[in-house]
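Read the structure below first, then the notes.
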Amino acid sequence: MMSLAQVLPQSATTTPEGHLSVGGCDLVDLATEFGTPLVVYDEGELRSAARRYREAFAAHAPDGEVLYASKAFYAQAVLRLLREEGLSVDVASGGELYAALRAGFPPEHIYMHGNAKDAGEIGELLDAGVGTVIVDSLDEIGLLDRMAAERGVRQRVLVRVTPGVKPSTHSYISTGQLDSKFGFSLEGGAALAAVEAVRAARALDLEGLHCHIGSQLFDLAGYRAAASLLADFGARHLDGDLRTLDMGGGLGIAYTRGDEPPSVEAWADAVMESVRTEWARVGLPMPRILVEPGRSIVGRAGLTLYRVGVVKDVPGVRRYAAVDGGMSDLLRPMLYGATYEALLANRADAEPAGALRLVGKHCESGDVLIQEAQLPDTRPGDLVCLPATGAYGVSMASNYNGVPRPAIVFVDSGRARLVTRRETYADLVARDL
Ligand code: LLP
């Protein structure tokens, strides 16, 4: 089990009976009490990730802000916990805005994203008094300005730019390149046109720039490259209007045993040093820095428990083990070819007995959680644990095949609390008229 330590919460241990335990709670007991699939988060791990971010950035820039990118996981329990830890929040839709307001984030500390915000969402954010809007298109700038003016309010904005940096990650989660649906490219004058449009707007105040170069990044060089391009743009076009710079999120986490992501502290150092060096080079005063981590706050804190229902051998080919969830609760393997580890929570000490294909219960051949899972001899009834499913797992879940979305439990100091109940069959038809 211990070779998997970096993909599990730090509180993970094996009990004398050989059960995996997290946050002082035996996972076999949790599966019995709450059913499966079950998503379990270690509260201590969530809090410590939030604190490490806050402290790492406070050490560099006391006036900076760490915004939690709520798309990674936006249950009320995690939003309240991260608000208590002093984080601000990034929302990317009216629904995420609703969740953040409901969890008690002060509107001033909410940052609203979205490449296609509609008039409904713009009305919602203006009515809520959201502090900062990250504008993504000229159409949006026009609409936001009109609607803010109609209400007689002024809206602070950051302009989202795509610096033309292509980090090494999956193309679906790489966002900073020129050919992107997001933001305004520095190349070709789009970013400058956006800055001019905001300056000309009646009701918008230009606060600075935003960029997010990609997600699940291990290589920090992209931040320096982005900072360099942003500094040149700022020096040429922004003078005093670059008070705030939002460098986005993107720090990767370990999904499998070979993964060695940079630490939060190393990431913070790289981001801050990049900006400091590049701003000094062009002779601009240091801006207030915002960052927007999502995955690296919640990813490692969460794990998913599945019950094995079926084990089947295809002679001469392979063994399959099918569990009671799959692509409906964890789409990442199918969507990105993402890889995960697996272990048996009920026999955490048992030696692996070769590879098997861990599959879900959906009517799709591609519903594979792990192509080659190294598991002990696995039988129906075993409890499989997939570590590091805390980010973009339940937030990307669906009801495909009428499979109810899983329950979510938070564990801390030997206590478990249900924070999101399991969906019921009645929930599946509740909206149908
Ligand atoms: N800020 C912006 C503007 C973003 O677009 C994102 C992620 C973040 C912050 C947070 O990035 P993080 O720190 O989590 O890397 N569903 C994909 C990830 C999509 C990320 C989209 N944007 C996945 O499961 O890997």
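Residues are listed down the side, and each one gets a yes or a no for (1) part of a strand (DSSP E or B); (2) touching a Gly at 6+ places or on another chain (Cβ under 8 Å); (3) free of Cβ contacts under 8 Å to residues at least 40 places away in the same chain:
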| residue | (1), (2), (3) |
| --- | --- |
| Asn346 | no, yes, no |
| Ser365 | no, no, yes |
| Ala373 | yes, no, no |
| Pro380 | no, yes, no |
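Taking the stretch 348-363 as the search range and keeping residues that are over 29 Å from the mean Cα position of the chain (by Cα) and touching a residue at least 60 places away in the same chain (Cβ under 8 Å), which one is surrounded by the fewest Cβ atoms within 10 Å (Cβ to Cβ)? Going through the qualifying residues, I end up with Asp349. Residues in the stretch 202-220 that are of a type outside the set (Asp, Glu), in contact with a strand residue (DSSP E or B) (Cβ under 7 Å, 6 or more places away or on another chain) and more than 12 Å from the ligand (Cβ to nearest atom): Ala203, Leu204, Leu206, Gly208, Leu209. Residue count for the stretch 371-397 satisfying the condition of being of a type outside the set (A, V, I, L, M, F, W, C) and either more than 16 Å from Arg295 (Cα to Cα) or away from the ligand (no atom under 16 Å from the Cβ) (or both): 10.
Per-residue answers, yes or no, for (1) buried (at least 18 other Cβ atoms within 10 Å of the Cβ); (2) over 19 Å from the mean Cα position of the chain (by Cα); (3) assigned to a helix (DSSP H, G or I):
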site: Val78; (1), (2), (3): yes, no, yes
site: Tyr98; (1), (2), (3): no, no, yes
site: Gly104; (1), (2), (3): no, yes, no
site: Ile122; (1), (2), (3): yes, yes, yes
site: Val159; (1), (2), (3): yes, yes, no
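Counting the residues of the stretch 382-396 that are under 24 Å from Val298 (Cβ atoms) and not in a strand (DSSP E or B) gives 9. Note on the stretch 221-304: enclosed helices (runs of 4 or more DSSP H) holding 3 or more residues that are more than 30 Å from Asp412 (Cα to Cα) and within 16 Å of the ligand (Cβ to nearest atom) are 221-237.
Looking across the stretch 57-76, the residues that are assigned to a helix (DSSP H, G or I), crowded, with 19+ Cβ neighbours inside 10 Å and out of contact with any Pro (no Cβ under 9 Å at 6 or more places or on another chain) come down to Phe57, Ser70, Lys71.
Taken together, the values in this text are just the output of simple stated rules run on the coordinates, not laboratory data. The shown structure was predicted, so the numbers you read here are calculated from the model rather than taken from an experiment. Virtual Cβ from ideal backbone geometry, glycine too; neighbours counted across all protein chains shown.
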